[in-house]
Amino acid sequence: MNPCFSLVELGWQPFFQQQLSMEEWDAATPARVVEQHKSELEVATQAGTHTLEITHAMPSVTVGDWVLLDDHGVFLRALERKSCFARKAAGSKLSRQLIAANVDTAFIVCSMNEDFNLNRIERYLSVVNNAEAEPVVVLSKMDLCADPEGMSQQVQSLDNMLCVESVNSLSSDSVSKLLPWCQPGKTVVLLGSSGAGKSTLSNRLLGDEHQDTGDIREDDGKGRHTTTRRSLLKMPTGAMILDTPGMRELQLADCEEGVASTFSDIIDLADNCRFGDCQHGNEPGCAVRSAIESGELDERRLLNYLKLSREQALNSASLAQRRATDKDLGKYYKRTLSEAKKLKGR
């Protein structure tokens, strides 16, 4: 069965409609990317879903993107994104990997077991804040935790305005506290490390067993990687939900604003340091060190801020250099091809 959706059900908003010309509104068909494969995309329109071949002429798109198709289902162009989640590609690759696009809310899923990690939560918060989506930290597996309230308070201490919810993903009543973010026309993405419980949570929100789930490993309390692809699915509430494969590595790049937003308390303190280039080490008059000594700021948080700042700066510089090299190489190829054509005509 080929499901049909209204544009609103797919997440269509005035932000996207305003990008269409009158001609496009009459002749083009808006379609949303709901699944991505190596050589093709699965897109959904009001008429149903179908596959779209990925060509070299197309820009890089990801799940959640909106594209325009002609009467024959041929790609015309991609629309500007409302939000975009990306990371540096895993390993030694010097490239930017898109994770999701046009998301309203990101559920950052972290299990309340041995895998609980404030540094990792801050890393994900940096990505979400950089995308300008609303972050909600979802602490899963509360039924296996001896002190769920204590863990919740640890996360809340990162930011008093941060939304933090503790859930038992096996209980529909427990998960129902997330429904206010899952209203018709909204798009939610689940982010988190492998085995955090994203697929179990996704199944509960979807009301069906769409995603495979795996038990946690007994030796270290970590879960097994079960989701292997990104898929945009419709929830009974009318929202769209995107479950992403667990990321064992989330390298930050082009994320300066996201890091600054996540650690805004440190940024504000640094404004009161005696020296403008204070590294918050042993410099005299360092307001950040004073806050640590008084107990106002946790030193763990400062160390993670410095680590993420260095990481994103290094990766951003590497990617910028790679982009410049690729641009120069492209110009060289075009120039060589042009000269070859001139010589051929002689």
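Read-outs throughout are calculated quantities, based only on the coordinates presented, and are distinct from any laboratory measurement. Predicted model, so just to flag it, every value in this text is computed and none were measured. We place every Cβ from the backbone using ideal geometry, glycine too, and count neighbours over all the protein chains shown.
Quick notes on this structure:
- Applied to the range 17-28, the Karplus parametrisation 6.51 cos²θ - 1.76 cosθ + 1.60 on θ = phi - 60° returns per-residue 3J(HN,Hα) values of 4, 5, 8, 8, 7, 4, 5, 5, 5, 7, 10, 8 Hz, with x for Gly and Pro.
- Ranked by the mean number of other Cβ atoms within 10 Å of their residues, highest first, the peptides 49-57, 266-274 come out as 266-274, 49-57.
- With a threshold of 31 Å on the Cα-Cα distance, the over-threshold entries among Lys38/Lys307; Lys38/Lys82; Lys38/Lys177 are Lys38/Lys307; Lys38/Lys177.
- Mean separation of Cα contacts under 8 Å (6+ apart) over length of the range 256-324, as relative contact order %: 29
- Ranked by how many other beta carbons lie within 10 Å on average, peptides 191-198, 71-78, 180-187 from highest: 191-198, 180-187, 71-78
- Residues whose placed amide H lies under 5 Å from that of Cys84, excluding near-sequence neighbours: Asn102
- Shape call, the range 256-324: gyration tensor on alpha carbons, a/c limit 1.5: prolate
- Each peptide in 30-38, 4-12 receives the mean, over its residues, of other Cβ atoms within 10 Å, and ordering these scores from highest gives 30-38, 4-12.
- Neighbour counts of C-beta atoms inside 10 Å place Phe16, Phe85 in the sequence Phe16, Phe85, starting with the fewest.
- Kirkwood hydrodynamic radius (C-alpha pairs) into Stokes-Einstein, the range 14-78, 37 °C and 0.692 mPa s, D in µm²/s: 273
- Computed magnitude of the charge dipole of the range 47-167 (debye, nearest 20; Cβ of K, R +1, Cβ of D, E -1): 580
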